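Since every read-out is calculated from the coordinates, none of them should be taken as a lab result. Model, not experiment: these values are computed from the prediction. A quick note on method: Cβ atoms are made from the backbone with ideal geometry, for glycine too, and the neighbour counts reach across all protein chains shown.
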Ligand code: HEM
């Protein structure tokens, strides 16, 4: 890992010259070429790299879109349509950017679920996890403000509903809302500041991503067994092993991305956003983008007052709490075993958690009435129960399965039972 | 691997049960005389030349649709984002587009004397709106302004429901909810409302209308109303299909380009992924993992 020795040896004169002054090539070599990664990583571990590429893609398409976009309530909708109709390949840029946001979130959800499954948040990776949750929050803010920019009906009403949440807070609520809106209702000042922030936040995300990767390279990656790297035979060099595997995974992900962009570009959007914003006409159902739906369901699940907290404030606290709780997950999990592979009960509850999250997503798209509300309430209870009750309790009462002594042992045991020739423990480092 | 699959299966089952319960609940809330969920009837799924990965617009059909728009709908509905010049994509020559534009008058100015004036439209102009503003449009139409047509085919789609919306992703790549809706709406006027249903004055019952049981537009098209010069049947069914296809083109003029580019991109990505896979297999060949 870093902190240790560096295996970079500058060969040419110019490499030596640079290395003595600003060892950037050394940093890159140590981080992305010689960097040792566990040899048993599966494809769930490819999503970090995919996320990095998606961020770059959003920034590039976004910057070009911004050259043609006009952040003015009278012009915004038509400027986006001008991009779609008259700018060369403008339709492609715009569909890449809007579907890119969805794919970005798809990847981040898988990435987070991977972390929950393999216990990636456990010591010593707490800060790495927390930085990830900060990235998630920034992404949510970015995507929410981006969705307002085309100034369609859902843009306008989504912004109205979401900024309205803040009024639930006593005393500070109204000033916060007015600060966000730049006035008393969603209007031109809102659009202008959202555009400014939508341009800014992705670069802040990039900054936090650098910290995230730094923290990763200090502790090293986890792996499906959850056992820390112990010897050289446990790892392979990042290049070519992880590079080629990540590249392959990325190419599959890009196929899915392209499939939506070219064949179903409006599948993940809402038709109402092709209607220009109209402050006098409220859409029948105001729904956020699909990647926010589970949180929207939890917001609306709180239909009752809890002591001094009215249902509106309760809903907002629940929604913010559902993300905030992720910050303390490293300390909620009391298990000594890291990976769900060796935790039969945790594994079961994990998959129920996944199913529950999907169900909440679907409920978020339904009107808040009747059976939907009851299901949302049950789903919300399970969501929080998973973190607050199941996680701490299981760690104390669950009997984990036997854990191999090392990654190498686990890998060799697997190939042996799979009936393939086991061979001697190859010394993978040689290829690096 | 097996464990993960089992886990996924269990997750899927749980979700499905919940979906089933919810769908059942929605069904139960239905009341024929005073429905609360719209549209009352789901649009029929039509066959469109532009559907699917290799879909293309049928230029003849678009030309017929344009004729209907021009002769019927344009009396009430604007189409502000569409320029006359883009009509060349329907197969018209430059001279034909020029002549077509010249049939319209647009406001321009101010001239050197500071006066606004009207002139004949040129290909760079957009379709002029039939009403001066939204208020005038609403006043002339029972209080409901006819929506602009530039994007209507993408601005309307009836929810497909579970599990159809998942099937739609890979089976059929369904993106034609807009034209299906418009077609259903235009052909759905003749039906009699269920017993006991009250239809507000000045509105017309249509079970396919997405927002209510009736709308302010009366049936705009009837059999034989528009004369076709390519021998196509002059029926409501045909008119409705043609104008819906035309509106899809108006909303998504680069659809063909998109699908064509998409095919090339897909071929490239699949080959690229294949090569990467082979390379990955070779690199990892001597390493158990
Ligand atoms: C974290 C990365 C980003 C995410 C998740 C994101 C998300 C979004 C979303 C969801 C939309 C609405 C798309 C639509 O329905 O049309 C949007 C629009 C937009 N974004 Fe971004 N964006 C990101 C980065 C950027 C960057 C770096 C820029 C550069 C300035 C940018 C510029 C724009 C512009 C100009 C629009 C309005 C045009 C349009 O609606 O297509 N975005 N963004």
Helix B:255-284 versus the longest principal axis of chain B: what is the Cα-based angle in degrees, 0 to 90, to the nearest 10?
10 degrees
Using only Cα atoms, find the angle between the long axis of helix B:59-71 and the longest principal axis of chain B, and express it within 0 to 90 degrees, rounded to the nearest 10.
40 degrees
Report the dimensions of chain A along its three principal axes from the alpha-carbon atoms, largest first, rounded to Å.
73, 59, 42
Expected 222 nm ellipticity per residue - DSSP helices of 4 or more, -39500 (n - 2.57), all of chain A, to 500
-20000 deg cm²/dmol
Is the shape of the protein assembly as shown rounded, prolate or oblate, going by the alpha carbon gyration tensor and its root eigenvalues a ≥ b ≥ c, with a/c under 1.5 for rounded and a/b larger than b/c for prolate?
prolate
Tell me the mean residue ellipticity at 222 nm calculated for chain B from its helices only (DSSP H runs of n ≥ 4, each -39500 (n - 2.57), averaged over every residue, nearest 500).
-13500 deg cm²/dmol
What's the ranking of B:241-248, B:72-79 by average number of surrounding C-beta atoms within 10 Å, highest first?
B:241-248, B:72-79
Taking beta carbons within 10 Å but only from partner chains, what does the mean come to for residues A:406-413?
1
Using the Cα gyration tensor of the range B:226-289, the equivalent ellipsoid's semi-axes, largest first and to the nearest Å, work out to 52, 11, 9
Across peptide A:373-379, what mean number of C-beta atoms from other chains lies inside 10 Å of a residue's C-beta?
1
Taking only C-alpha pairs under 8 Å that are 6+ residues apart, what is the relative contact order of the range A:287-402 in percent?
40 percent
What number in nm² do you get for the range A:287-402 if you take the convex hull of its Cα atoms and divide its surface by four?
7.8 nm²
Output the peptides A:140-150, A:64-74 sorted from most to least packed, where packing is the average of other Cβ atoms within 10 Å over each peptide's residues.
A:140-150, A:64-74
10 Å-binned pair-distance histogram of the range B:127-272 (Cα, whole percent)
10, 28, 35, 19, 7, 2, 0
Need one word for the range A:226-335: rounded, prolate or oblate. Basis is the Cα gyration tensor (sqrt eigenvalues a ≥ b ≥ c); a/c below 1.5 gives rounded, then a/b vs b/c decides.
oblate
Computed over chain A, the relative contact order (Cα-Cα under 8 Å, seq sep at least six) in percent reads 22 percent
Determine the shape class of the range A:159-312: with a ≥ b ≥ c the square roots of the Cα gyration tensor eigenvalues, call it rounded for a/c under 1.5, and otherwise prolate if a/b is greater than b/c, oblate otherwise.
prolate
Within 10 Å, count the other beta carbons around each residue, average over each peptide in A:235-242, B:256-263, and list them highest first.
A:235-242, B:256-263
Degrees between helix B:177-187 axis and first principal axis of chain B (Cα, 0 to 90, nearest 10):
50 degrees
For the range A:158-205 the mean separation of alpha carbon contacts under 8 Å (6+ apart) over residue count, i.e. relative contact order in percent, is 23 percent
Förster radius 30 Å - calculated FRET efficiency between residue B:278 and residue A:402 (Cβ-Cβ, nearest 0.05):
0.20
Per-residue mean of other chain beta-carbon atoms within 10 angstrom of the beta-carbon, peptide B:58-71?
0
